[in-house]
Each structure stands twice: as structure tokens, then as C-alpha cells.
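Contents: one structure, followed by commentary.
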Amino acid sequence: MMIHITKEAQQKLLSIELQDGVLPRIDAEVAGGCGLTVNYVFIFDHARRNDTIYQSNGFPIRVDYFTKRYLEGNAPTIDYADGFHVINDVEFDSC
């Protein structure tokens, strides 16, 4: 999977001092049933079971197994404007 990071997000990532074992992560928050809504958040945390680490522009990005299922086949973009944002223009229909 390819993950894009905008220049603004790259600059912000370079300015953050991370604790040992903490890396950036794309995390999915799922709501709904029929007409499933997936919101992505960009957080910093420790490893989880079954994490995959992707390298993007020299930055390691963690993705857990649950989130990876919703991102596969897509190329999400991480942007920064008053906070980190994950842009992934894929809609899901679970009906």
C-alpha cells in the first residue's frame, strides 16, 4: 500500500519528538451498519498486535490489521492543517 504525505504534514512530523516505541498510526473508526462510515484518524502510539509498518517519504506509519482492510487498494494521503488529517476517498456500502 502506498501512503502519501503532503509537504505540510512532513514538516510537522519532522518537528515532533517521539518517545521510544511510539510511531505515527492511521487508525480507522467505523460507524453504522448499512451505509458504513469509516473515519480515519492520525495518532501516535505504541505497537499493536498484527501491525504493519509502511514507509512513506522516510516516515514509518503503523496500520493495524482492522484499519488495513479498509485501506487496501487505496492510497491515503496524510495532510496537516490545524492538525493531521487522513484523506481516503473511498465509500463503503455494506448492504
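Quickly estimate the mean residue ellipticity at 222 nm for the chain, helices only: each DSSP H run with n ≥ 4 gives -39500 (n - 2.57), and the total goes over all residues, rounded to 500.
The helix contribution divided over the chain gives -4500 deg cm²/dmol.
Treating the beta-carbon of each Lys and Arg as +1 and of each Asp and Glu as -1, no other charges, what is the dipole magnitude of the chain about its Cα centre, to the nearest 20 debye?
In total the dipole reaches around 260 debye.
What net charge do the residues around Lys68 carry, taking every other residue with its C-beta under 12 Å from that of Lys68, with Lys and Arg at +1 and Asp and Glu at -1?
0
Could you point to the residue in Asn57, Ile26, Gln10 farthest towards the positive end of the chain's charge dipole, with +1 and -1 charges on the Cβ of Lys/Arg and Asp/Glu respectively?
Asn57
Out of Arg25, Arg62, Arg49, any idea which swings most in a Gaussian network model of the chain, alpha carbons joined below 10 Å?
Maximum among the listed residues: Arg49.
What does the convex hull of the Cα atoms come to per residue for the chain, in Å³?
Cα convex hull per residue, to the nearest whole number: 101 Å³.
One-quarter of the Cα convex hull surface for segment 11-50, in nm²?
4.1
Excluding Ile26 itself, what net charge comes from residues whose Cβ is under 13 Å from its Cβ, given Lys and Arg +1 and Asp and Glu -1?
Net charge around Ile26: -2.
For Cα pairs less than 8 Å apart in space and 6+ apart in sequence, what is the mean separation divided by the residue count of the chain, i.e. the relative contact order in percent?
Computed over the chain, the figure is 38 percent.
Which value in nm describes the separation of the simple spin-label points at Phe44 and His85, placed 7 Å from the Cα toward the beta carbon?
2.1
Just so you know, all these numbers are worked out from the coordinates, no wet-lab data involved. Source: prediction; values computed, not measured. For neighbour counting, all protein chains shown are included, and Cβ atoms are generated from backbone atoms with ideal geometry for every residue, glycine included.
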